[in-house]
1. What is the sum of charges, Lys and Arg at +1 and Asp and Glu at -1, for the other residues whose Cβ falls under 15 Å from the Cβ of ALA22?
2. Between GLY14, GLY41, GLY53, which gets the highest mean-square fluctuation from a Gaussian network model of the chain, Cα cutoff 10 Å?
3. Report, in debye and to the nearest 20, how large the dipole of the chain comes out about its Cα centre when Lys and Arg carry +1 and Asp and Glu carry -1 on their Cβ.
4. Between ASP71 and GLN38, what is the FRET efficiency for a Förster distance of 30 Å, r being their Cβ-Cβ separation, to the nearest 0.05?
5. Please work out the C-alpha center-to-center distance from region 39-86 to region 1-24 and express it in whole Å.
6. If I model a spin label as a point 7 Å beyond the Cα along the Cα-Cβ vector, how far apart are those points for LYS99 and VAL1 in nm?
7. Find the relative contact order for the chain and round it to a whole percent, using C-alpha pairs within less than 8 Å whose residues are 6+ positions apart.
8. How high is the FRET efficiency from ALA59 to SER114, r the C-beta distance, R0 22 Å, rounded to 0.05?
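Taken together, the values in this text are just the output of simple stated rules run on the coordinates, not laboratory data. What you are looking at is a predicted structure, and each value in this text was computed from that prediction instead of being measured. Ideal geometry is used to build each Cβ from the backbone, glycine not excepted, and the neighbour counts take in all protein chains shown.
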Amino acid sequence: VQLQALGGGLVQPGGSLRLSCAASGSIFSINVMGWYRQAPGKQRETVALITSGVNTVYADSVKGRFTVSRDNDKNTVYLQMYSLKPEDTAVYYCHVGTKNFMSYWGKGTLVTVSS
């Protein structure tokens, strides 16, 4: 199973980016999909999660600015980010959890918010 995350890059404060992550390979029924991030010198933290029932959870720091969504036919999770701030700078990792309790991580994509 591989997770391919795309969409990171350099953006100015106030700008937008959209991340995507597609899961490929032999993967059992997907349950939770989501995004985590790790800034330099900090621990990895949860950004946004979305369940198979399309319930969502967001970190307080991104509520109202980020939107997580998924396409079950494509085994893909998205993270639309608006009003980006310098403190959003981090490596963003996608994660997939399956109904048989397997856990998969993408390699990460760097998001840099700077003028």
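1. Local net charge: +2.
2. Largest GNM mean-square fluctuation: GLY41.
3. 60 debye
4. In this case the efficiency is close to 0.75.
5. For region 39-86 versus region 1-24, the Cα centre distance is 11 Å.
6. 1.3 nm
7. Taking the mean separation of contacting Cα pairs over the length of the chain, I get 38 percent.
8. The calculated FRET efficiency here is 0.60.
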